[in-house]
Structures are given as C-alpha cells and as structure tokens.
Amino acid sequence: IPGIHALQLDVLWVLTNVTAHSSDAVVRLLEMGVISAMLQYGVTSSSQTCIEQCMWLLGNIAGDCAEARDACLSQGVLASLNGIVANPDTEAMVIATLSSALENLAGHKPVPGKSEMDFLLGIVSRLAPAWKQDTNVQRRCLVTLSLILEPYDELLLDHLELVDFFLAHMQSSDHSLMQPAVRCFGSFAAGTNDRNVEVLLARNVLQLSVAPLMSLDPNIRKEMCWALSNITAGTPTQALTLIQS
C-alpha cells in the first residue's frame, strides 16, 4: 500500500507520545491490545524507522510499571527482540533504542520471573559483543545485566563471557560504563554459589579492581569496596586467595 510506512510511523509516534506522559493511557492501550498490534504490524515492518519507533513505544510501556512490563513479557516481546538483534540487517538506530527498552523490561519490583530474566540475559549476551563500538548500547547492556544479576546471579554461570564483559568495562575511563560494571561485579560476587567467587578469582580480580578503587567517583569506590567484601565473606580459602593476590 503506497505510504503505508509513513502512516505506520505517524501512528507509532502518536502512541509513543501518549504513553510517555500518562499511565492511564498505558492501561487503556494495553486493554485495547496495543502489544499484539505492535508485534503483528510494527516489529515486522520492512521499515527500520518503524521498527525503531516500536522500540520506543515498547520501552515507554514496559517502563511505566511492573504490571505493564509483565503484560509486555507475557505477550512474547522478548522473542521479537531476539529476532531483531539476530538480524544482520538491523540498523544501529534500532539497536540503540532496543537496548534502552531492555532496561525497562528488566526493571521494576517485583522483578520478572527467572525464565524471563534468563531470556533477557541471552539477548544481552548476543547484543554486547556485536555492538562493542557503541558506548550507549554497552552501558545499557551493563545496566540490564546488573538488574538481572541482583535477583538471579546464578544465571550468569551459563554465560561466563558476560563476566569478561563487565570486568573489561571496570577498566573503562568512562564512569557511565564503570559504575554499572562494578555493580554487576558486586552482585555476582554476592551470590550464594561459591563458584561465582571462584570464577572471579580465576580472572585475577584484584588487579582488575585497581581502576575502580582509584576512581575519583566516591560512589564507584564505595561499590567496589562492597564488592570485594563479598569475596572476603566467602570461604577462608577464597579470602586468603584474594589477600595473597
């Protein structure tokens, strides 16, 4: 249909603006089936601009409250996002907005279920290495990862490449990357599974901790000290290994 993409984009813009300012509008749109319509017509559009606008709309809805977030998750948005990330033709503008939506899908209390967070973790594991040069995408991946690890640190044991991901960003001179990376480190180190600490110690974690400990940002230094205390609170052998290193 001639002009269909322009019409879709206009509709998506209107919905995005409405959901950005009114929780009542979010509730009403959810009742009208906005997620289903977005997945059927917007996310599958051949227009990258329309898909990007769908990501804005999704982020607004998921960011409104836990109930709205759960409505998105229950209708299969994660599978659609995974498909977008896996598509080699997806443009950078779409990925940037999608990464922002991921934060909202992982946020709010009560936290999403373990299976949903595991799916989100899989998306992050694909997104982070594929978009290394995009600082905003990297930061949003780190924030999303920190939200996942806070309640479900054990999930990372199946994605150890993401341990290397946040440890690398702990060395960053960009504090917007270093801070969420340190938060990831602390949550993983605080886990109940002793293997978490073993994974970190095997990566010479004390040496990697120097940069955040020397940071000019007092909040980063504080979080790093808390993270290291989680290791020393582990087994005597683990505490001794950290001290000797």
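The values are calculated or read from the model by the stated rules, or taken from the named source; none is laboratory data. Note that the structure is a prediction, hence the values are computed from the model and not measured. Glycine also receives a Cβ, built like all others from the backbone with ideal geometry; neighbour counts cover every protein chain displayed. Just the protein is used for accessible areas: all its heavy atoms, side chains included, with ligands, DNA and RNA removed. Shrake-Rupley method; radii C 1.70, N 1.55, O 1.52, S 1.80 Å.
Computed quantities for the displayed model
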quantity: Estimated FRET transfer efficiency when R0 is 22 angstrom, pair THR49-SER22 (beta carbons, to 0.05); calculated: 0.35
quantity: Cα-projected label distance for ILE243 with LEU213, points at 7 Å along beta-carbon direction, nm; calculated: 1.4
quantity: Selection from ASN196, ALA86, PRO129 lying farthest towards where the dipole of the chain points positive, charges on Cβ; calculated: ASN196
quantity: Probe 1.4 Å, protein heavy atoms only - accessible area per residue of region 102-176 in square angstrom; calculated: 42
quantity: Inter-probe distance in nm under a simple model that places probes 7 Å from Cα toward Cβ, at LYS109 and THR192; calculated: 1.9
quantity: Nearest 10 degrees, 0 to 90: helix 175-189 Cα axis against the chain principal axis; calculated: 70
quantity: Neighbourhood net charge (15 Å Cβ-Cβ; Lys/Arg +1, Asp/Glu -1) for LEU120; calculated: -4
quantity: For ALA37, net neighbour charge (Lys/Arg +1, Asp/Glu -1) across residues whose Cβ lies under 14 Å away; calculated: 0
quantity: Nearest 10 degrees, 0 to 90: helix 4-19 Cα axis against the chain principal axis; calculated: 60
quantity: Simple label model, 7 Å out from Cα along Cβ direction - GLU154 to ASP89, nm; calculated: 4.2
quantity: Residues in region 179-193 reached by a label modelled at LYS132 [backbone nitrogen below 11 Å; 7 Å Cα→Cβ]; calculated: none
quantity: Sulfur and carbon atoms: percent of accessible area, the chain [1.4 Å]; calculated: 56
quantity: Ranked by how many other beta carbons lie within 10 Å on average, peptides 145-157, 43-55 from highest; calculated: 145-157, 43-55
quantity: Total formal charge among the other residues, if their Cβ is under 15 angstrom from that of ASN104, Lys/Arg +1 and Asp/Glu -1; calculated: -1
quantity: Contour minus Cα-Cα distance for ASP164 and TYR41 (0.36 nm per residue); calculated: 40.5 nm
